[in-house]
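Below is one structure; the comments refer to it alone.
The values are calculated or read from the model by the stated rules, or taken from the named source; none is laboratory data. As the structure is a prediction and not an experimental result, all values here were calculated from the model. Every residue, glycine among them, receives a Cβ derived from its backbone with ideal geometry; neighbour counts consider all protein chains shown. Ligands, DNA and RNA are stripped out before the accessible areas are found, and what is left, the full protein with its side chains, is counted by its heavy atoms. Shrake-Rupley method; radii C 1.70, N 1.55, O 1.52, S 1.80 Å.
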Amino acid sequence: MNTMTAQPVAAPPVPRKVAASLSEAKHLSFWAENAAPVGLIVLVVVFSVLSPTFLTVGNITAMLVAAAILVVLAVAQSFVITTGGIDLSISATMTIGAVGLGLAYQAGLPFWPSAIIAILASTVIGVINGLLIAKGKVTDFIATLGTLGVATGAALILTDGKPIAVTSTELLRLTTGKLGFVPYPFVLAAIVGAVAWFVMFRTRYGLHVQAVGGSEEAAVANGVKAPRVRIAVYVWAAALAGLASLLLVARIGAAEPAINTNYLLNSIAAVVLGGVSLTGGRAKIVGPILGALLLTALSNGLTLLAVSQFYQPLAVGLVVVLAALLTRFQKR
Amino acid sequence: MTTTDTAIDTVLTAENITKSFGGVHALKGASITMRRGEVTALIGDNGAGKSTLVRCLSGIHKPDSGTITLDGAVVQIDSPLAAKHHGIETVQQNLALVEDLTVWQNFFVGREITKGVGPFQMLDRKAMRDKASTLLSGLAVNVPPVTSRVRRLSGGQRQAVAIARAAGWGSSIVIMDEPTAALGVQETARVEAVIRRLQDSGVAVLLISHNFDQVLRLAQHVWVMRGGLAVAQRRTSETTGDELVALITGAQAV
């Protein structure tokens, strides 16, 4: 038990006996259900021991700012994955939002109309995804891989491959403002998380999302309009990616047509860390948010410890694979 | 096919229903009637079209042609919700339960009880849990807690959930597609008791079954399907298991 507390992430690959007894399976299921919070606590303990700056207010604030984008994307991805789908275009959709913001701002529009254009630009990608998947019956993987390419290319074409500087006071306030020690971007992400939790677990729509992911056939037989539910999930995910694009532009100070593949992989990784099965049906919102925090803490901690950037994808990859192994022991 | 003698108390009439899947003609103009307050059985060999007909009546398939008449009025049943609005509930052969959801969620998915105003509707979880619990305990099967996930229930418990869900909406017609096929002796007896209770409360039950003893025990009227058509009908009081077998296989003409 104690050895597991120290290293829960590494626990499942080293079961002492292959013939795991029933009691141990129960035991493992606890770790499987709580991989993200336990992993996060362990990382915080380890990093705060190894680096005195890790738990300072300044660093926590920096981590929360850095985590905000990933939290929003992970929440969006979690909705899609609950239906049994996946959105590979989510970071490219965010890029389109950023480019939309940049172009609108460059054209002389004030910040807020530009922000709305950013969210609308992203939403268009979501509508295309939803229609392709729900009406065109294209596999989610292929459809969103296609829009990933289209959105990435469109972002480069529209900007001629050059970043557009966005220097509005509203954006500056968004990056630097704080509620207590919690920076505005994370406040926004927390609101997104709370609303998403409510929608998923307290509204008809959320129940339909879970039902379609669990068994589309049964859901349809009970009167759930599955195509509508699927389209909506991709539209909402894209709109959230548009919201995240505001945070992205605020963070960089410019709308960059960069590919941001890291955000895509990390959004899926956060959802997996959060204990959501890729086969759909079991919804989680808090888990993916904690997963996003964990991934952010991991890269922040490694940076503080002066570990080379090259090791960070490696660490993320290992953590995700271990988490995926752990989910095998989840109670069904 | 004469319907004159049954016209008075007919609750449902399906006439000349056809349905094809690609080149496969599953239904070639099947016609059946159901009488009010009776258990009507639908029997036939595998592939005779029983399940397809049931799925047309419950709104899962849209018939290619044919009419469905309910209480004297022609109705369009083009979605599962439409069927439910017309008072037709179905216990599908596969039960149509979402295993990842809880019992009460399965009860109400598709027609949730909500509270709140306008666009700000939230699920009334307590009301749904309470109602699901009441309906389930009315079945008197070993009742699972309504908050448990369907995945963790036994076959009999799942059947109970599906039947309680279908029976609980005050509907006029309940269709059951092989409700006891996967059940043991005791659970079968309980399900049969539920079917009798439904009939006693005035519900017309359409029972699809391979078990002739059960058909003769429960039903008052039986339709025999073969090759996508309803080829024969009998009052169960005037037929035998042997005759039904002969009708199903085609050994005996109508």
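Taken over the stretch A:256-311, the residue count meeting the criterion of being over 14 Å from the mean Cα position of the chain (by Cα) and assigned to a helix (DSSP H, G or I) is 9.
Yes/no per residue for (1) in contact (Cβ under 8 Å) with a residue 12 or more places away in the chain; (2) on the phi > 0 side of the Ramachandran plot; (3) open to solvent by 80 Å² or more (accessible area, probe 1.4 Å):
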| residue | (1), (2), (3) |
| --- | --- |
| A:Ala121 | yes, no, no |
| A:Val124 | yes, no, yes |
| A:Val166 | yes, no, no |
| A:Thr175 | yes, no, no |
| A:Gly180 | no, yes, no |
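Annotation: A:Thr53 fulfils all but one of (1) among the hydroxyl-bearing types (Ser, Thr, Tyr); (2) touching a residue at least 12 places away in the same chain (Cβ under 8 Å); (3) open to solvent by 30 Å² or more (accessible area, probe 1.4 Å); (4) assigned to a helix (DSSP H, G or I); the unmet one is (4).
When you check B:Val39 against the structure, is it touching a residue at least 60 places away in the same chain (Cβ under 8 Å), under 30 Å from B:Arg151 (Cα atoms) and within 18 Å of the chain's Cα centre (by Cα), yes or no? Explain how you work it out, then say what you get.
Values: touching a residue at least 60 places away in the same chain (Cβ under 8 Å): yes; under 30 Å from B:Arg151 (Cα atoms): no; within 18 Å of the chain's Cα centre (by Cα): yes.
Spelling it out, it is not the case that B:Val39 is touching a residue at least 60 places away in the same chain (Cβ under 8 Å), under 30 Å from B:Arg151 (Cα atoms) and within 18 Å of the chain's Cα centre (by Cα).
Of all residues in the stretch A:155-189, those that are hydrophobic (A, V, I, L, M, F, W, C) and within 22 Å of A:Gly108 (Cβ to Cβ) total 9. Among the numbered criteria (1) open to solvent by 10 Å² or more (accessible area, probe 1.4 Å); (2) out of contact with any Leu (no Cβ under 8 Å at 6 or more places or on another chain); (3) more than 14 Å from every other protein chain (Cβ to nearest Cβ); (4) not polar (S, T, N, Q), which single criterion is violated by B:Ala48? It is condition (1) that B:Ala48 fails.
Residues B:Ala132, B:Ala83, B:Ala127: which one is out of contact with any helix residue (DSSP H, G or I) (no Cβ under 8 Å at 6 or more places or on another chain), within 14 Å of chain A (Cβ to nearest Cβ), surrounded by 15 or more Cβ atoms within 10 Å (Cβ to Cβ) and assigned to a helix (DSSP H, G or I)?
Working: B:Ala132 fails: out of contact with any helix residue (DSSP H, G or I) (no Cβ under 8 Å at 6 or more places or on another chain); B:Ala83 fails: out of contact with any helix residue (DSSP H, G or I) (no Cβ under 8 Å at 6 or more places or on another chain).
Result: B:Ala127 is the single residue among B:Ala132, B:Ala83, B:Ala127 that is out of contact with any helix residue (DSSP H, G or I) (no Cβ under 8 Å at 6 or more places or on another chain), within 14 Å of chain A (Cβ to nearest Cβ), surrounded by 15 or more Cβ atoms within 10 Å (Cβ to Cβ) and assigned to a helix (DSSP H, G or I).
Report whether or not B:Arg158 is closer than 24 Å to A:Arg202 by Cα, under 21 Å from the mean Cα position of the chain (by Cα) and within 14 Å of chain A (Cβ to nearest Cβ). Considered against the rule, which asks whether it is closer than 24 Å to A:Arg202 by Cα, under 21 Å from the mean Cα position of the chain (by Cα) and within 14 Å of chain A (Cβ to nearest Cβ), B:Arg158 comes out as no.
Scanning the stretch B:86-105 for residues that are more than 17 Å from the chain's Cα centre (by Cα) and more than 7 Å from every other protein chain (Cβ to nearest Cβ), which turns out surrounded by the fewest Cβ atoms within 10 Å (Cβ to Cβ)?
Step one: filter the stretch B:86-105 for residues more than 17 Å from the chain's Cα centre (by Cα), giving B:98-105.
Add one more test, that the residue is more than 7 Å from every other protein chain (Cβ to nearest Cβ), and what stays is B:102-104.
Working: B:Thr102: 20, B:Val103: 27, B:Trp104: 24.
Among residues in the stretch B:86-105 that are more than 17 Å from the chain's Cα centre (by Cα) and more than 7 Å from every other protein chain (Cβ to nearest Cβ), the one surrounded by the fewest Cβ atoms within 10 Å (Cβ to Cβ) is B:Thr102.
Annotation: B:Met122 fulfils all but one of (1) closer than 22 Å to B:Val161 by Cβ; (2) within 8 Å of chain A (Cβ to nearest Cβ); (3) in contact with a helix residue (DSSP H, G or I) (Cβ under 8 Å, 6 or more places away or on another chain); the unmet one is (1). I'm trying to understand the selection: among the residues of the stretch A:66-87, which are surrounded by fewer than 24 Cβ atoms within 10 Å (Cβ to Cβ) and outside any helix (DSSP H, G or I)? Of everything in the stretch A:66-87, those that are surrounded by fewer than 24 Cβ atoms within 10 Å (Cβ to Cβ) and outside any helix (DSSP H, G or I) turn out to be A:Gly84, A:Ile86. For the stretch B:27-45, a residue qualifies if it is under 11 Å from B:Leu229 (Cα atoms) and open to solvent by 20 Å² or more (accessible area, probe 1.4 Å), and the qualifying residues are B:Lys28, B:Ser31. In the set (1) open to solvent by less than 20 Å² (accessible area, probe 1.4 Å); (2) in contact (Cβ under 8 Å) with a residue 24 or more places away in the chain; (3) not in a loop (DSSP other than H, G, I, E, B), the condition left unmet by B:Ala232 is number (2). Residues in the stretch B:141-167 that are surrounded by 19 or more Cβ atoms within 10 Å (Cβ to Cβ) and among the charged types (D, E, K, R): B:Arg149, B:Arg158, B:Arg165. Checked against (1) closer than 20 Å to B:Gly87 by Cα; (2) outside any helix (DSSP H, G or I); (3) modelled with pLDDT of 90 or more, B:Val146 passes all but condition (1).
Looking for whichever is touching a Pro at 6+ places or on another chain (Cβ under 6 Å) and among the hydrophobic types (A, V, I, L, M, F, W, C) here; the options are A:Val286, A:Val271. Which one fits?
Numbers: A:Val286 fails: touching a Pro at 6+ places or on another chain (Cβ under 6 Å).
Just a single option satisfies the conditions, and that option is A:Val271.
Does the stretch A:142-163 contain at least one residue that is in contact with a strand residue (DSSP E or B) (Cβ under 7 Å, 6 or more places away or on another chain) and either at pLDDT 95 or above or buried (at least 17 other Cβ atoms within 10 Å of the Cβ) (or both)? Checked against the condition, which is being in contact with a strand residue (DSSP E or B) (Cβ under 7 Å, 6 or more places away or on another chain) and either at pLDDT 95 or above or buried (at least 17 other Cβ atoms within 10 Å of the Cβ) (or both), the stretch A:142-163 yields at least one hit. Taken across the stretch B:191-206, residues that are surrounded by 14 or more Cβ atoms within 10 Å (Cβ to Cβ) and closer than 24 Å to B:Asp100 by Cβ do not occur at all.
State yes or no: is A:Ala297 surrounded by 15 or more Cβ atoms within 10 Å (Cβ to Cβ), modelled with pLDDT of 90 or more, closer than 18 Å to A:Ile41 by Cβ and more than 14 Å from chain B (Cβ to nearest Cβ)? The answer is yes for A:Ala297. Sort out which residues of the stretch A:299-331 are without any contact (Cβ under 8 Å) to a residue 24 or more places away in the chain and among the aliphatic types (A, V, I, L, M), and write them in order of number. Within the stretch A:299-331, A:Leu302, A:Ala306, A:Val307, A:Leu314, A:Ala315, A:Leu318, A:Val321 meet the criteria.
Among the residues of the stretch B:46-66, some residue qualifies, meaning at least one is over 30 Å from B:Ala127 (Cα atoms), part of a strand (DSSP E or B) and not basic (Lys, Arg).
If you take the residues of the stretch A:198-240 that are within 12 Å of chain B (Cβ to nearest Cβ) and aromatic (Phe, Trp, Tyr), which of them is surrounded by the most Cβ atoms within 10 Å (Cβ to Cβ)? Filtering the stretch A:198-240 for residues that are within 12 Å of chain B (Cβ to nearest Cβ) and aromatic (Phe, Trp, Tyr), the one surrounded by the most Cβ atoms within 10 Å (Cβ to Cβ) comes out as A:Tyr205. Of all residues in the stretch B:51-72, those being open to solvent by less than 50 Å² (accessible area, probe 1.4 Å) and more than 14 Å from chain A (Cβ to nearest Cβ) number 7.
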